[in-house]
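Here's the structure we're looking at; comments come further down.
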Amino acid sequence: MASIRRTLSPVPRAGIALNGEACNVSSPLSRSSCSASNYSSSGALPSSPFGLVDKRLKHKAQYSWRRGVFQFFIFFMFGMFIGCTPFASLSLSTNITSNKPQSFVLDTNRTILLEGEPGDSHLILDQLSKDQAGVKDLLGDPKMDNNRSVMENMFVEVKNPLIIVTATQTGPFQAFYLNRLASTLKLVPPPLLWVVVEMNAQSHESANVLRKTGVMYRHVVCNKNLTDLTGMRVHQRNAALSHIEVHRLDGIVYFADEENVYSIDLFEDMRKIRRFGTWVVGKVSERRNGAVLEGPVCNGTEVIGWHLDRSKRWARARRFQMEMSGFAFNSTILWDPKRWHRPTLEPIRQLDTVKEGFQVTAFVEQLVEDESQMEGLPSSCLRVMAWEVHREDTSTALYAQYLSATNNLDHINPF
């Protein structure tokens, strides 16, 4: 038989040269025993499969690192975009709300009775003033000119807080006066704070009356030893001014004596005051036929003169012809002198050393310099919305209420 001879390449052994080069054959689990130059020149694969796996692991690790960096960059940019969205979408939100009219109403319709800690009432008024200040700043921003009408419609119900100061005295008519004034204030829309001041201590009668009125109030005590009771109200009002200044209450301050009669429209007009507002006051007495006017003569809202009570010879010597119930002012004048450019930092108080009859004008001179800083209310000052009744003339209160209901000057004799 013919034999077939195969020509097979010999298996390389250790120490035997192959193609002129020595090659060490080791265990199959070891790395390639031949130099890398042999395989690179011949183009053959390495003898061990683990060399290829190692290269794939390195490539995969590099890919995972790059993918993590890319994902971090994407999420970082997405977070930056979300963070900047509220500032960039302000005009968009106002355009959306313009199609559907909305209203912004402060939650001040709840009756709040304050008689405990001294800081309760001013915190409420501070929050209301901050909300209102934020609205004014927003409407005053020149960037919001295009959307000014929309914003004004949204915040149309925001009103200036009123701070009504009443000096009361213990007596047989105290409950009657407080209940009557409380009935008037209860008809005034909030926000309103009623500051009631008593001498030395809170009487049980007045405390019970205030607790049942349903008006947000603050019961203040004036601790001052007086030998002359004629200037009692001066010190009571100063105690209220000190309370407003210490707690930095922001609103329109008005001194409403308990025996006087007031129109509801007066309190609504007060909210328009920027610095100092004044109006005509009717004075009623049993010793006179008719009523006497005191207060400003106005051309629109500009004060150009004064009504003069000719029955008082010393009246012409007064700088401003007005009564305590004939003006109101911004409370920030008391505790923010830099805002109003006050020449002195002395506290504003009513002076008990001034002659009677000149106390009002001396107090007003601390608030304003002249008539140019005043606002006449209402327009042209043609309505009498406050009536002063002397304490001994309690029977004339009904007559004053009748004149207040007429809301005109036809029944008044200015002389």
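The values are calculated or read from the model by the stated rules, or taken from the named source; none is laboratory data. What you see is a predicted model; the values in this text were computed from it and never measured. We place every Cβ from the backbone using ideal geometry, glycine too, and count neighbours over all the protein chains shown. Side chains are part of the model used for accessible areas, which takes the heavy atoms of the whole protein and leaves out ligands, DNA and RNA. Shrake-Rupley method; radii C 1.70, N 1.55, O 1.52, S 1.80 Å.
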Test for SER372: is it at pLDDT 85 or above, part of a helix (DSSP H, G or I) and among the small types (Gly, Ala, Ser) = yes
In the range 304-343, residues that are over 29 Å from ARG248 (Cα atoms), in contact with a helix residue (DSSP H, G or I) (Cβ under 8 Å, 6 or more places away or on another chain) and assigned to a strand (DSSP E or B) total 1
Flag for ARG310 being in contact (Cβ under 8 Å) with a residue 40 or more places away in the chain, within 19 Å of ILE348 (Cα to Cα) and open to solvent by 20 Å² or more (accessible area, probe 1.4 Å) | no
Among the listed residues LEU187, LEU181, LEU193, which satisfies the condition of being within 20 Å of the chain's Cα centre (by Cα) and modelled with pLDDT of 95 or more?
-> LEU193
Every residue from the range 363-374 that is closer than 25 Å to VAL246 by Cβ and open to solvent by 20 Å² or more (accessible area, probe 1.4 Å) | GLU365, GLN366
Only one of GLU346, GLU294, GLU286 is out of contact with any Leu (no Cβ under 6 Å at 6 or more places or on another chain), part of a loop (DSSP other than H, G, I, E, B) and within 17 Å of PHE363 (Cα to Cα); which?
-> GLU346
Does LEU187 satisfy being in contact (Cβ under 8 Å) with a residue 24 or more places away in the chain, outside any strand (DSSP E or B) and surrounded by fewer than 14 Cβ atoms within 10 Å (Cβ to Cβ)?
-> yes
Selection over the range 201-216 where residues are out of contact with any Lys or Arg (no Cβ under 8 Å at 6 or more places or on another chain), of a type outside the set (A, V, I, L, M) and part of a loop (DSSP other than H, G, I, E, B) yields a count of 2
Set ALA291, ALA207: member being surrounded by 21 or more Cβ atoms within 10 Å (Cβ to Cβ) and within 22 Å of ARG180 (Cα to Cα) | ALA291
Would you mind finding the one in VAL221, VAL195 that is under 21 Å from VAL253 (Cβ atoms) and touching a helix residue (DSSP H, G or I) at 6+ places or on another chain (Cβ under 7 Å)?
-> VAL195
Residue, surrounded by the fewest Cβ atoms within 10 Å (Cβ to Cβ), within the range 228-253, restricted to residues that are outside any loop (DSSP other than H, G, I, E, B) and under 20 Å from the mean Cα position of the chain (by Cα) | VAL246
Just checking, how many residues over the range 375-402 are crowded, with 17+ Cβ neighbours inside 10 Å, under 23 Å from LEU181 (Cα atoms) and at pLDDT 50 or above?
-> 11
Residue list for the range 216-227, restricted to those being among the β-branched types (Val, Ile, Thr) and open to solvent by 30 Å² or more (accessible area, probe 1.4 Å) = VAL221, THR227
Within the set of pairs 6+ apart or on separate chains, which have a first residue in the range 205-219 that is touching a residue at least 60 places away in the same chain (Cβ under 8 Å), a second that is among the charged types (D, E, K, R), and C-beta atoms under 6 Å apart?
-> GLY214/LYS186; VAL215/LYS186; HIS219/GLU115
Residues in the range 156-167: is at least one more than 24 Å from VAL280 (Cα to Cα), touching a residue at least 24 places away in the same chain (Cβ under 8 Å) and assigned to a helix (DSSP H, G or I)?
-> no
Might you check whether a residue that is in contact with a strand residue (DSSP E or B) (Cβ under 7 Å, 6 or more places away or on another chain), within 25 Å of LEU351 (Cβ to Cβ), touching a residue at least 12 places away in the same chain (Cβ under 8 Å) and surrounded by fewer than 18 Cβ atoms within 10 Å (Cβ to Cβ) occurs anywhere in the range 278-287?
-> no
Considering only the range 314-360, state which residues are buried (at least 16 other Cβ atoms within 10 Å of the Cβ), over 29 Å from the mean Cα position of the chain (by Cα) and among the β-branched types (Val, Ile, Thr).
-> VAL360
